[in-house]
Every structure is written in C-alpha cells, then in structure tokens.
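Working notes, structure below.
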Amino acid sequence: MRKKYMNNKNQVSGIHHVTAICSNPQKNIDFYTKLLGLRLVKLTVNFDDPTTYHLYYGNEVGSPGTILTFFPWSNAPKGYIGSGQAITTSFLVPQNSIDFWKDRLKNNDICFEGPLKRFDNEEQVIRLYDPDGLELELVAHPSAKENDERFWKDGPISYENGIRGFYSVSLSEEGYEHTSKILKEMGYKMISNEGNRFRFQLEDSQYTTGAKILDVLCLPYTPHGMIGIGTVHHIAFRTPSDENQKSIRENIIKIGLNPTPVIDRTYFHSVYFREPGGVLFEIATDPPGFTVDQKVQDLGKMLMLPQWLEPIRERLEKVLPKIQLPKNNKDNPIVRNKTA
Ligand code: ZN
C-alpha cells in the first residue's frame, strides 16, 4: 500500500497543455476559436518576452488536458519538423462526428487527410494542419462519451461533434527505449505498437479518462527538428499539487536529468526538463488555474498581465499587435460550416 502511494507521487496524471509557435495571432485565434470551436481562455503575454502574446485555448475553464497555447512569433523562421519533437497534437471528438468534421474542413478550404483507421479500427483519425502548418488530428473514439465536461457548450460547435480536449500527443524520436524509461517513471506503460508507433498510456491515475495517451514514433532517419513557426515548443504533463511536483522533480534528478527550479506561471507552477530523446517536457500543477485572475464568464476577454508587468501595461498594449477577440463565440462570421 505504502509502496503504491510512493509510486503515485512520482507519476503525472495526463497531459496538461501543449505549447506551439505561430506567426499571425489573428489567424491563430480565428482558426482555433471559430473553426475548431475552442474557447480563448486566456490572453496574456509570454512572461519571458512580454512583447509577445501568449494565447491559451481550451474548454470553458481551460481544464488541464484541454489547453493548447501559442506564442505568436511573427518574425521567427519557419520551424522544421523532425526528431526530438512533439509533432502531432490530437484532439478527441465523438465517434459519429467524422462526417461533420470532413464537411466542415472541406467547406473552409482546410487541407486534411483521412479518415484513417488506427489500432484495430478503434480510432478514426483526420489529420489536418493549422494556418502555420502545425500538425493536428481529430481522433474519433468511444472515450469521448466519458469526457463531456471537456466540451465547451457555448462554442460554435454542437455537443454531438465538439472537441473533448486532447486524445494524445505524438513524439518523434530516433528510438523509443530511452524515452520509454522516463515515461515509465512518470507512470506510463507501453500498451501496444503498430509499425513504428509505440503507444504509452498512464497506468494508474486518479483521473480515469482523457489525455492519458502518448505515442512515440520511431523515425531514426529523420533529421532533428528545429523550433520555429508551425512547431511544438513543449508538452506539459499535469500534477495535482506542488508537493507532487516536488517529488516528481526529485525523481527526475535521480534519473540523471536536469530539471529547472519551480517557475511561477501564474496559472500553474512549472518545472521543465529535456527528456533523453530531446523533447522539452514540463510538469505543471493543476492549481491555481485560469480563474485565479478572471471570472469564468470573463476568461479570454481582455489582456491579463501578471502583477509585475501591470506598471508597463500601456507600453505593452502599444507594442503588441492589434487583434480582434472572439466577441460572441456563437457568432461565427468568418468560417461558417454550410452543413451545420
Ligand atoms: Zn508550458
């Protein structure tokens, strides 16, 4: 019993968020809120570079496991997708929604592939790319039924078809063994493989559903990726408390990896480290969450700054690109699904 408890303290409880790089913030906002139907849950700045926005999308409150975030670096070079990177972010959608999504993407001139079948036909997958070429998937799977709380009911997509947070993230690696070791320490177990796709799932989690899968794709002949526009910057795993985070951090050191100290990101506390295959991992706490500085109904409606940046708000607002926020998410003037 005691041993189990000790093990649990070193385990994560799923994906917390994924952070990627985009170019134009407006195109990004329109794509993720109007086309995919996510909520902009926080508009803030990159705390390490406050002249850049930090955009957070998710369900109504930005629950861990639903959050995709972006740094718009309009002058950055385009990134290269390659090994040592998280290359695909997959969203969970209801089982019968594939035709809806095919029509919606077609009607809005979005290139996509599929539906493809994976893992004994259990998964139907549509692969698509955002305006900067970031690879995304919509995975139709029976577990969508158990993830209703991850659907954003006031968004532009109906309950029958809407996104239920993340399904999985795929990492591109030269090999899977070294990464597998650290994933095991974090509570993942390799459950199956299909070709070069090795599937890991959280073995023991207090959360029974959602965002518990990680695929490692072995692509030994792929050159190393480079962070830039259209690539993922890092993937964050969730932990319920600061105490658990401390325990995970100590375990990471014990394994011989080199984590950062705990960093306060206002909405969560973070520890970063590079896993042996080169992907930047983060351990992020569930609390305090996005309602720490805004009411649920106000999330994403104005630029929020941490206390230490408030004195320069006026200056920042002048430098940051002008953007139009989604006023009413039911109002969907730019991309309209003709079949909805
Ligand atoms: Zn992060």
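Restrict the check to the range 116-128 and report whether at least one residue is acidic (Asp, Glu), at pLDDT below 95 and on the phi > 0 side of the Ramachandran plot. Explain how you work it out, then say what you get.
So the first thing to find is which residues in the range 116-128 are acidic (Asp, Glu), and the list is 120, 122-123.
Now narrow it down to the ones that are at pLDDT below 95: 120, 122-123.
If we keep only those that are on the phi > 0 side of the Ramachandran plot as well, we get 120.
The answer is yes, given that some residue of the range 116-128 is acidic (Asp, Glu), at pLDDT below 95 and on the phi > 0 side of the Ramachandran plot.
Restricted to the range 235-259, and to residues that are open to solvent by 10 Å² or more (accessible area, probe 1.4 Å) and within 19 Å of the chain's Cα centre (by Cα), which residue is farthest from the ligand (Cβ to nearest atom)?
Narrowing the range 235-259 to residues open to solvent by 10 Å² or more (accessible area, probe 1.4 Å): 238, 240-244, 246-247, 249-251, 253-259.
Add one more test, that the residue is within 19 Å of the chain's Cα centre (by Cα), and what stays is 238, 240.
Details: Arg238: 11, Pro240: 17 Å.
Across the range 235-259, the extreme among qualifying residues is Pro240.
Checking Ser270 against (1) modelled with pLDDT under 95; (2) crowded, with 17+ Cβ neighbours inside 10 Å, which test does it fail?
Result: Ser270 fails condition (1) only.
Looking at the range 83-102, is at least one residue away from the ligand (no atom under 16 Å from the Cβ), on the phi < 0 side of the Ramachandran plot and without any contact (Cβ under 8 Å) to a residue 12 or more places away in the chain?
The first filter runs over the range 83-102 and keeps only residues away from the ligand (no atom under 16 Å from the Cβ), leaving 83-84, 87-88, 90-102.
The next check asks that each one be on the phi < 0 side of the Ramachandran plot; those that pass are 83, 87-88, 90-102.
From the residues that got through so far, the ones that are without any contact (Cβ under 8 Å) to a residue 12 or more places away in the chain too are 99.
Yes, the range 83-102 contains at least one residue that is away from the ligand (no atom under 16 Å from the Cβ), on the phi < 0 side of the Ramachandran plot and without any contact (Cβ under 8 Å) to a residue 12 or more places away in the chain.
Restricting attention to the range 168-193, which residues are open to solvent by 10 Å² or more (accessible area, probe 1.4 Å), over 23 Å from His224 (Cα atoms) and in contact (Cβ under 8 Å) with a residue 24 or more places away in the chain?
Glu185, Ser192
Within the set of pairs 6+ apart or on separate chains, which have a first residue in the range 109-135 that is over 20 Å from Pro25 (Cα atoms) and among the aromatic types (Phe, Trp, Tyr), a second that is modelled with pLDDT of 95 or more and not in a strand (DSSP E or B), and C-beta atoms under 9 Å apart?
Phe112/Trp101; Phe112/Lys102; Phe112/Leu105; Phe112/Lys106
Would you mind telling me which numbered condition in (1) in contact with a helix residue (DSSP H, G or I) (Cβ under 9 Å, 6 or more places away or on another chain); (2) under 30 Å from His178 (Cβ atoms); (3) open to solvent by 10 Å² or more (accessible area, probe 1.4 Å) Gly65 fails?
All conditions are met except number (3).
Quick one: in the range 263-300, which of the residues that are more than 13 Å from the ligand (Cβ to nearest atom) and not in a loop (DSSP other than H, G, I, E, B) is nearest to Tyr57 (Cα to Cα)?
Within the range 263-300, the first condition is being more than 13 Å from the ligand (Cβ to nearest atom), and the residues that meet it are 274-278, 286-300.
In the following step, the residues that additionally are not in a loop (DSSP other than H, G, I, E, B) were identified as 274, 290-292, 296-298.
Values: Arg274: 24, Phe290: 11, Thr291: 14, Val292: 16, Val296: 14, Gln297: 15, Asp298: 14 Å.
This residue is Phe290.
Here are the criteria: (1) surrounded by fewer than 20 Cβ atoms within 10 Å (Cβ to Cβ); (2) within 22 Å of Thr52 (Cα to Cα). Tell me which single one Val232 does not satisfy.
(1)
Give me a count of the residues in the range 131-156 that are open to solvent by 10 Å² or more (accessible area, probe 1.4 Å) and not basic (Lys, Arg).
Let us first name the residues in the range 131-156 that are open to solvent by 10 Å² or more (accessible area, probe 1.4 Å), namely 131-133, 135, 141-143, 145-146, 148-154, 156.
Within this subset, residues satisfying the condition of being not basic (Lys, Arg) are 131-133, 135, 141-143, 146, 148-149, 151-152, 154, 156.
Qualifying residue count for the region: 14.
Taking Pro115 as the residue in question, decide whether it is assigned to a loop (DSSP other than H, G, I, E, B) and open to solvent by 30 Å² or more (accessible area, probe 1.4 Å).
Values: assigned to a loop (DSSP other than H, G, I, E, B): no; open to solvent by 30 Å² or more (accessible area, probe 1.4 Å): yes.
The answer is no for Pro115.
Of all residues in the range 20-49, how many are crowded, with 20+ Cβ neighbours inside 10 Å and in a strand (DSSP E or B)?
Going through the range 20-49 one residue at a time, the tally reaches 10.
Kindly provide the set of residues from the range 239-292 that are closer than 30 Å to Pro223 by Cβ, aromatic (Phe, Trp, Tyr) and touching a Lys or Arg at 6+ places or on another chain (Cβ under 8 Å), ordered by number. Can you show your working first?
First pass over the range 239-292, keeping only residues closer than 30 Å to Pro223 by Cβ: 252, 255-260, 270-284.
Those still in the list that are aromatic (Phe, Trp, Tyr) too: 272-273, 281.
Passing the criteria: only Phe281.
The values are calculated or read from the model by the stated rules, or taken from the named source; none is laboratory data. These figures come from a predicted structure and were not determined experimentally. Methodologically, a virtual Cβ is constructed for each residue, glycine included, from the backbone with ideal geometry; neighbour enumeration extends over all protein chains shown. When the accessible area is computed, the model is the full protein with side chains, heavy atoms only, and any ligands, DNA or RNA have been set aside. Shrake-Rupley method; radii C 1.70, N 1.55, O 1.52, S 1.80 Å.
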